1. List B:126, B:79, B:268 from most exposed to least, where exposure is judged by having the fewest other Cβ atoms within 10 Å.
2. Using the Kirkwood radius built from alpha carbon pairs, what does the Stokes-Einstein equation give as D for region A:281-322 at 4 °C and 1.567 mPa s, in µm² per second?
3. Could you pull the Rg and Dmax for the protein assembly as shown, using just the Cα atoms, both in Å?
4. Quick one: Debye curve from the C-alpha atoms of region B:1-157, no solvent, what's log10 I(q)/I(0) at q = 0.10, 0.11, 0.13, 0.16 Å⁻¹?
5. Would you mind getting me the FRET efficiency between residue B:317 and residue A:183? Use the beta-carbon distance for r and R0 = 56 Å, nearest 0.05.
6. Once Lys and Arg get +1 and Asp and Glu get -1 on their Cβ, which of A:61, B:260, B:137 lies farthest toward the positive end of the dipole of the protein assembly as shown?
7. If I model region B:69-213 as equal point scatterers sitting on the Cα atoms and use the Debye formula, what is log10 I(q)/I(0) at q = 0.10, 0.11, 0.16, 0.19 Å⁻¹?
8. Taking the Cα centroid of region B:255-275 and of region A:256-318, what is the distance between the two, rounded to the nearest whole Å?
Amino acid sequence: MTVKSTIEAIREAMREELAADPRVMVLGEDVGTRGGVFLATQNFIEEFGEHRIIDTPLAECSIAGVTLGLSFKGLRPIAEIQFSDFWWYAANQLVGEASRVHYGTNGYLSAPFVVRIPYGGGVRGGLFHSQYIESYLYNTPGLKVIAPSNPYDAKGLLKSAIRDDNPVIFLEHKKTYRAVRGEVPDTSYTIPIGKAEVKRPGEDITLISYGLAIHYGMEAAMLLEDEDVSVEVLDLRTLRPLDNETILESVKRTGKALIVHEASITGGVGAEVSAIIAEEAFEYLDAPVSRLCGPDLPAMAFAPTLEDGFMVNTQKISDALLKLAAY
Amino acid sequence: MSPNGEKSPSSTKAMPAHRSLGLTDDQLLGFYAQMVLVRVMDDRLIALNRQGKVPLVASCQGSEAASMGLALAAKTDGSCFLFPYYRDMPLKLVMGVSPMETMIGHIGKDGNTFNGGRQFLLQGASPNFPMIHLSNVVGSNLSQAVGYAMGCKILGEDTVVFASFGDGGSSQGECHEAMNFAGIHKLPVVFCCYNNRLAISVPQEKQMAIEDLADRAAGYGFPGVVVDGTDSLEVFRAAKEAINRARDSSGGPTFLELKVERLKPHTSDDDDTRYRTPEDMEDSLRRDPLMRLNVYLMGLGILTPNLDEQFRQEARAEVNRVTDAAENAPWPDVSNLHGRLYAP
Ligand SMILES: Cc1ncc(C[n+]2csc(CCOP(=O)(O)OP(=O)(O)O)c2C)c(N)n1
């Protein structure tokens, strides 16, 4: 075990898989000599060579399409989209084409690839460097969508994603890259896709979240101990497929649920999770299912006051938890 | 090349063109018989559409020589992989897809190996044929083909990849991206643009400001070749040269602009009298690829009126047979709606 940052864990996951499986390769903008703009692929080109670490032209649609074509040929490409704000160009190949490969060929073909996408705000990136894109992705049958919150999960889940035979979108919250550090085994391990994790057991309220917001949620849960409110924190980790079982098991026990995410509230992951709870755990509820989500605005605004206004934080979450506790 | 030529340049050579291309008389006769079958099949699909039995037909009439000429080159080569588009029913037949599977696929009956009834126009992919035709989203197959070609190169295979699309499809940003990528890595891929000068109703001059799409290839660093796409042998020749270039150490991609015709409306949902004049249509009919191959073979005495009639009768009998069989085949069970969404 060594303490590592999230970006180091991501790098380690890719390096291990590149070393273990000659079919694995990396492509994207600046992933070669520059090592990626966030240094996720630092020194890869020296270690694995130009034929496996490919600097692509600045064109996301073909990055995704070429990745899909490579996967048809049995390679296991990992594509990097530099920022989530630029993934839209790739949407046709990912949502339109890749998601339909297995279904549309009646199970004959598969598309074993990963697209890593740094996303999210809190980094003063403004409208076009802070976007949350998971709401557009998690409702696509045929894709898997992962959004880890910490280095340990990032490494284990990315390795599972690379070994998975389906197209996997791997969402990396930019602010966790360096701000979130934690113990990560130096050896190889995987974490199953589609399994949520109870980060903290509790009895009164289930707080359901993913990505950066998990950390604010953990802080808020700690604060509420002083108020004698016991909060269970559930990290979804995978957004598609959702781990309904773990969500329902927890909410049936606590009787109250708060779903927290930074993506806009309408049609977000929280909308689906609350619908699942309403349908499957109605009789167990002691309060309405609550959501604390990003506002319905295009993305984070630039100025610090505006950005802070958009983001969820520990204070906002503990306020929401207290309100729910008092219901 | 003579895009508007009445006469096939290949029929003017001293040595018959097909023999200098390494095709025997019998091979070319077989190819012609298959083109007759394609025509009968296409007409039947249109008729079945009128009867409400085939939901959509994208007629191949006018581009058979392009579609089949490429496929013949790919098939005789033996290590090519194809990314066709919706007008490539003839390509699939040449690659070995049976008339029965074609018919079943168009109706949506159970048992086709491409998609199990989940897609129209026999889209999808089959373990039995070296091709992927994932979708009908115009231009989407191009970067996939480039990625596939890159994979072949990485794995040290000598596969050459063909991707076909229309003149309208060439306007997609993705077409530019795919050709640019292929040029950079000198990938073994042949971009085959069937230029029928129409994208549904939009004429070429509203699609682009140039006459020859092949001119664009220079901008990607590889050759662009204009080919009379109604002349089967010219297509075959150009495709073989492109295959050789793809395998050449200094080679790489080729852009083939196949000047074809569209002898039918865009699809069975279209009414081309809204935007085509009868004169324009007549001009196109004069370049009917089937008629041109017929004239070539008759001119050489390889095909006779009797033999031609025999081919047509055999084709009708075969298409009748598969129509009946497909109409009697079961629909996919509704249980096939679900499952096989994620690879295990
Ligand atoms: C991305 C996309 N936009 C629009 C369409 C609808 N559409 C289908 S075919 C077509 C025209 C294509 O023309 P062209 O590429 O020249 O090929 P052709 O049909 O003439 O062979 C259009 C607009 C589509 N299938 N995909």
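Here, each number is a calculation from the coordinates, and none is a lab measurement. Every value quoted in this text rests on a predicted model; they were computed, and no experiment measured them. Virtual Cβ from ideal backbone geometry, glycine too; neighbours counted across all protein chains shown.
1. On the way: B:126 24, B:79 14, B:268 17.
Ordered by Cβ neighbours within 10 Å, fewest first: B:79, B:268, B:126.
2. Numbers: Rh = 12.4 Å.
Rounded, D is 105 µm²/s.
3. 28.6, 99
4. So the normalised log intensities are -0.42, -0.50, -0.69, -0.99.
5. Details: r = 74 Å, r/R0 = 1.32.
It comes to 0.15.
6. B:260
7. Debye intensities relative to I(0), on a log10 scale: -0.35, -0.43, -0.88, -1.16.
8. Measuring centre to centre over Cα atoms gives 51 Å.
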